[in-house]
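Novice: Take this structure first; my questions come after.
Just so it is clear, none of the values below were taken in a lab; they were calculated from the coordinates. Quick caveat, the model's predicted, so the values are computed rather than measured. Positions of Cβ are backbone-derived with ideal geometry, glycine not excepted, and every protein chain shown enters the neighbour counts.
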Amino acid sequence: MRQRRHKRKNSHVVIVTSDAVDAGTKEYRIRPWAIELVVLVLSMMIGAAIGILIFEGNAIESPVVQQDPQQDLRIEQLEEENALLQSQIEELNSTIQVLSATVTQKTESETSLTEKLEQQYIPTEFPLTSSATYEEITEGDPMCLFTATAGALVVATASGTVSAVNDDAEYGHNVWVDHGNGYVTIYRNQGEVKVKQGEMVRQGSTLFLINEDNSSLGYQMMKDGVYINPMDVLAISG
């Protein structure tokens, strides 16, 4: 008959003693698989701790990423270009303000000059270079009849063009001046006419010379083809 073999069970015994006199001895029996499990768990914990330490060390020792020097140089150049552009914009704005002020001043000057020129074509001035007495004639076409002293000049009351020079049955001669704005002035006197038809005259230009024989001046005015009272337009002071 075959003898039955008994499977041997291995185990580890841990004996715990104490230095005390009356202390006993204790035995702890530990199976091999328990020891293997403890060793495995400890190995995993140690491996995990080592991995964490290595990862943190790499993170600490990893170099800081530095910016490309070329990129820094380009940024600096762009900032300088921007500053230059801002300076140029300020200069242009200053120039625009100066030009605007100049244009405004020029426009005002041209407007003032235009007004003065236009005023020269409005017959507001006195038709004689000296004082005189006058009489308003209201019968028929309105007229101012001036009596001046010898040596006075009959002058154009505004700038314009001599549109006609005629003989006048009552006053000897008459001169018509068209001022180009609807106004026409008429000067009637017996003296020698100093202008010709078609001639351009300025405000104050001589039309007749007054002497003892032709001291009377008949002065008339038309506006848009209608006779009006000259005294309504003449600027007489005193």
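Novice: Hey, could you get me the Stokes-Einstein D for the range 132-232, Kirkwood radius over alpha-carbon pairs, 37 °C and 0.692 mPa s, rounded to whole µm² s⁻¹?
Specialist: Reported coefficient: 244 µm²/s.
Novice: Please enumerate, by chain and number, the aspartates and glutamates with C-alpha under 20 Å from the C-alpha of Lys223, excluding those fewer than 8 residues away in the same chain.
Specialist: Correct list for Lys223: Glu115, Glu118, Glu125, Glu136, Glu139, Asp141, Asp178, Asp232.
Novice: Charges only on Cβ, +1 for Lys and Arg, -1 for Asp and Glu: so what's the dipole of the range 77-120 about the Cα centre, in debye to the nearest 20?
Specialist: Values: 2 positive and 9 negative charges, 65 e Å.
Roughly 320 debye, rounded to the nearest 20.
Novice: I would also like to ask the following. Using a Förster radius of 35 Å, what is the FRET efficiency between Thr114 and Asn211 based on their Cβ-Cβ separation? Nearest 0.05, please.
Specialist: My answer for the efficiency is 0.35.
Novice: Which whole-number percentage describes the relative contact order of the range 150-213, with Cα contacts under 8 Å and a sequence gap of 6 or more?
Specialist: After rounding, I find 45 percent.
Novice: Kindly state, to the nearest 0.05, the FRET efficiency for Gln70 paired with Ile96, given R0 = 41 Å and r defined as their beta-carbon distance. Each step should come with its number before you reach the end.
Specialist: Details: r = 38 Å, r/R0 = 0.94.
Here the calculated transfer efficiency is 0.60.
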